[in-house]
Amino acid sequence: MMRIKDMIKRLELKELSPLAALAFNLLMVYVAYFIARMAYLLENWKFFSDSLTWEVLRGGLVFDTAAILVTNIPYMVMVLFPLHLKEVGWWHKVCKWEFIVVNGLAFAMNLADAAYFPFTMRRTTTTVFREFQNEDNLGGIFLTELLRHWYLVLVAVVVIYAMWRLYQTSRLSSKHVKWWRYDLLMLLSLAGIAPFVVAGIRGGFATAVRPITISNAHQYVDRPIDAALVLNTPFSLYRTIGKDVFQVPSYFTDRAEMERIYSPVHHPVVAAADSLKRKNVVVLIVESFGREYIGALNTTLEDGKYRGYTPCVDSIISHSITFTHSYCNGRKSIDGMPSILSSIPMFVEPFFLTPASMNDVSGMAGLLVQKGYETAFFHGAQRGSMGFQAFARSTGFQQYYGREDYNQDERFGGDDDFDGMWAIWDEPFLQYYATKMSEMREPFMTAVFTASSHHPYHIPEKYQSVYPEEGIEIHKCIRYTDMAIGKFFETASRQPWFKNTIFVLTSDHTNQSDHDFYQTDIGGFCSPIVIYEPSDSLQQVKMIDKIAQQIDILPTVLGMLHYDKPYFAFGIDLLNTPADSTWAVNYLNGIYQYVKSGHVLQFDGERTRAVYALSDSLMQHNLVGRLPQQAQMETELKAIIQQYMERMTQDRLHP
């Protein structure tokens with residue numbers, strides 16, 4: 001068998017022109033991108049097992065070409081610049097190092113994104129840098145992920161080493177060619193490839209072709225989730241640098257018509273006798289606590305044999321209102337707070353990370369402060385983590401309690417209860433939460449964001465034998481967090497404020513899944529929405545046959561309190577809206593998903609790409625063009641999108 005060194009020697013041609021060397025080296029990069037795409041596919045096989053088609057590969061080639069050419073423009077100029085004096089040894093070494101560093105980094109980005117995909121369901125964009133800018137634990141997270149995904153590290157080392165060894169240096173010496181001929185040859189080569197480079201970056205030669213962007217990936221796929229397989233991470237990063245997140249469409253030129261179809265401004269109709277109910281409001285945002293894990297919400301799963309991992313929450317649900325269909329409005333933790341507490345869904349990019357976050361934004365806390373409520377937000381991580389403290393303050397929370405505050409309270413264990421990565425463990429922090437609420441003046445409105453059911457999926461050492469590994473790695477964390485929630489309610493039930501409180505339990509987003517339905521485009525957004533009111537006023541405890549979403553929590557709670565002032569919310573009051581008028585919306589890889597009337601419609605901003613019945617749980621039968629309600633659903637969704645974009649860009653997130 002021929003050794004690798006012998007193969008490399010055969011490739012070391014004696015007289016390789018700069019243009020030929022350039023072509024060979026760029027071909028190596030194409031191979032590297034293909035390997036990265038296969039790694040992306042295999043790492044996320046449960047999402048993409050049926051996704052690899054010739055169309056996906058063709059689309060991938062288009063986006064790889066754009067990324068490769070953009071990132072290698074400096075290298076191409078360095079190789080082909082018309083100056084014969086550059087044909088010296090040190091210049092070729094500089095060229096080689098520039099080529100390896102840039103393309104090695106691009107390859108590593110693609111591999112790293114393969115591991116990150118299950119948390120976001122899309123390729124990473126530039127907002128990731130703002131998302132984690134306040135975290136000081138990124139080094140530990142990065143090291144942990146390197147160890148967990150050692151095989152991807154090995155692939156990176158092998159491929160980058162191969163690129164180094166196979167790299168071809170021009171051997172067309174200026175000594176054998178007159179300088180003016182050499183410079184002319186380089187100039188013609190540079191000029192000759194320029195049109196092809198421009199076309200490759202734009203996505204084609206046709207004059208009607210605009211430079212391709214992330215959304216163009218959808219022309220090669222049938223499912224929004226598959227767009228991530230077509231794209232590559234370097235393209236997604238550079239294509240979102242400095243871009244306006246919100247583009248206002250012109251679906252409606254008549255504002256009155258748009259307002260008639262949909263308006264986020266609510267004008268409560270409250271009878272004179274229905275004065276504000278001064279009940280406390282407690283919102284539990286539970287990290288990664290997807291609907292899939294909750295046995296009480298999956299009574300038909302696995303032919304009715306599924307029991308889930310949440311016995312404590314199941315018990316609470318037996319005394320609560322839930323909904324047959326309930327969804328989150330984003331896929332990241334930073335999407336959860338705006339959706340749940342300010343009724344602002346995630347469209348295009350997380351609201352936190354857009355210029356619109358500087359708008360005049362209110363929320364449940366701010367609205368209730370005006371009614372004399374005391375408000376506080378709790379998160380067991382350090383202050384500033386994920387931007388939660390800034391958002392809480394801007395939306396009306398008067399107090400913020402984080403890891404530092406927990407550590408200063410001598411009644412609790414301080415940093416001994418720190419999980420070593422993100423935050424205080426859920427069990428002690430939820431006890432702290434209950435204790436601090438007992439020190440607040442009623443009525444109060446509080447929210448807590450838990451942390452333990454989070455990657456890298458650790459639980460306290462004393463519980464490792466109680467909740468051993470089972471199913472997928474998050475399951476033990478779900479059991480631990482469920483126990484912590486149960487103990488929280490045990491403590492809360494002994495407090496004088498308990499029966500005068502409305503509790504809402506939901507998740508920030510979903511996470512790992514081991515059932516096919518929860519891996520679909522819409523199944524990946526299934527979050528619980530549980531409303532628990534321990535007082536005698538809640539007589540009809542049941543699962544309501546309605547569509548619910550996180551942005552409905554604010555208007556629903558205000559409706560339960562008989563809030564009497566106009567307010568702003570993109571969602572609806574679930575308890576005072578007919579079932580056939582309830583709906584949900586979310587955004588996935590450039591596609592808006594609109595759920596209503598027993599169907600989910602997928603819209604790319606210009607046309608409907610698919611319609612599926614909710615009963616078609618695996619989304620296998622596209623009904624586009626065959627559903628009578630499609631036109632009406634499109635019109636309603638367009639009104640929602642245009643209202644959102646206009647108000648974001650015009651700072652009108654208020655009545």
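Observations
- Qualifying positions in the range 364-411 - modelled with pLDDT of 90 or more, among the charged types (D, E, K, R) and assigned to a loop (DSSP other than H, G, I, E, B): Lys371, Asp409, Glu410, Arg411
- The condition of being without any contact (Cβ under 8 Å) to a residue 24 or more places away in the chain and charged (D, E, K, R) holds for only one of Asp50, Asp64, that being Asp50.
- Test for Phe347: is it open to solvent by 10 Å² or more (accessible area, probe 1.4 Å), within 26 Å of the chain's Cα centre (by Cα), more than 26 Å from Trp497 (Cβ to Cβ) and in contact (Cβ under 8 Å) with a residue 24 or more places away in the chain: no
- Taken residue by residue, the range 598-609 has no member that is closer than 26 Å to Gly308 by Cα, touching a residue at least 12 places away in the same chain (Cβ under 8 Å), open to solvent by 30 Å² or more (accessible area, probe 1.4 Å) and within 22 Å of the chain's Cα centre (by Cα).
- Selection within the range 465-485 - of a type in the set (S, T, N, Q) and either under 20 Å from Thr435 (Cβ atoms) or modelled with pLDDT of 95 or more (or both): Thr481
- Any chance Asp564 is part of a strand (DSSP E or B) and open to solvent by 50 Å² or more (accessible area, probe 1.4 Å): no
- Breaking point among (1) under 16 Å from the mean Cα position of the chain (by Cα); (2) open to solvent by less than 10 Å² (accessible area, probe 1.4 Å); (3) at pLDDT below 95, for Ala356: (1)
- Answer from Val79, Val70 - the residue that is within 37 Å of the chain's Cα centre (by Cα), surrounded by 14 or more Cβ atoms within 10 Å (Cβ to Cβ) and not aromatic (Phe, Trp, Tyr): Val70
- Qualifying positions in the range 397-417 - in contact with a strand residue (DSSP E or B) (Cβ under 6 Å, 6 or more places away or on another chain) and not charged (D, E, K, R): Phe397, Gln398, Gln399, Tyr400, Tyr401, Gly402, Tyr406
- Test: residue in the range 361-382 that is among the aromatic types (Phe, Trp, Tyr) and open to solvent by 30 Å² or more (accessible area, probe 1.4 Å): no
- Within the option set Lys93, Lys46, being closer than 30 Å to Gln620 by Cα, open to solvent by 60 Å² or more (accessible area, probe 1.4 Å) and not in a loop (DSSP other than H, G, I, E, B) holds for one residue only, Lys46.
- Count of the range 109-119 residues which are open to solvent by 40 Å² or more (accessible area, probe 1.4 Å) and either in contact (Cβ under 8 Å) with a residue 12 or more places away in the chain or in contact with a Lys or Arg (Cβ under 7 Å, 6 or more places away or on another chain) (or both): 3
- Selection status of Tyr30, modelled with pLDDT of 90 or more, part of a helix (DSSP H, G or I) and open to solvent by 20 Å² or more (accessible area, probe 1.4 Å): yes
- Of the residues contained in the range 503-524, one or more are found to be of a type in the set (A, V, I, L, M, F, W, C) and over 25 Å from Lys371 (Cβ atoms).
- Residue match in the range 297-304 (condition: crowded, with 23+ Cβ neighbours inside 10 Å, on the phi < 0 side of the Ramachandran plot and in contact (Cβ under 8 Å) with a residue 12 or more places away in the chain): yes
- Residue match in the range 420-435 (condition: modelled with pLDDT under 95 and surrounded by fewer than 23 Cβ atoms within 10 Å (Cβ to Cβ)): yes
- Subset of the range 569-595 (residues that are open to solvent by 30 Å² or more (accessible area, probe 1.4 Å) and under 20 Å from Gly524 (Cβ atoms)): Tyr587
The values are calculated or read from the model by the stated rules, or taken from the named source; none is laboratory data. Keep in mind the model is a prediction, meaning the values are calculated, not measured. Reconstructed Cβ throughout: ideal geometry from the backbone, glycine too, with neighbour counts over all protein chains shown. Calculation scope for accessible area: heavy atoms of the full protein, side chains included, ligands and nucleic acids excluded. Shrake-Rupley method; radii C 1.70, N 1.55, O 1.52, S 1.80 Å.
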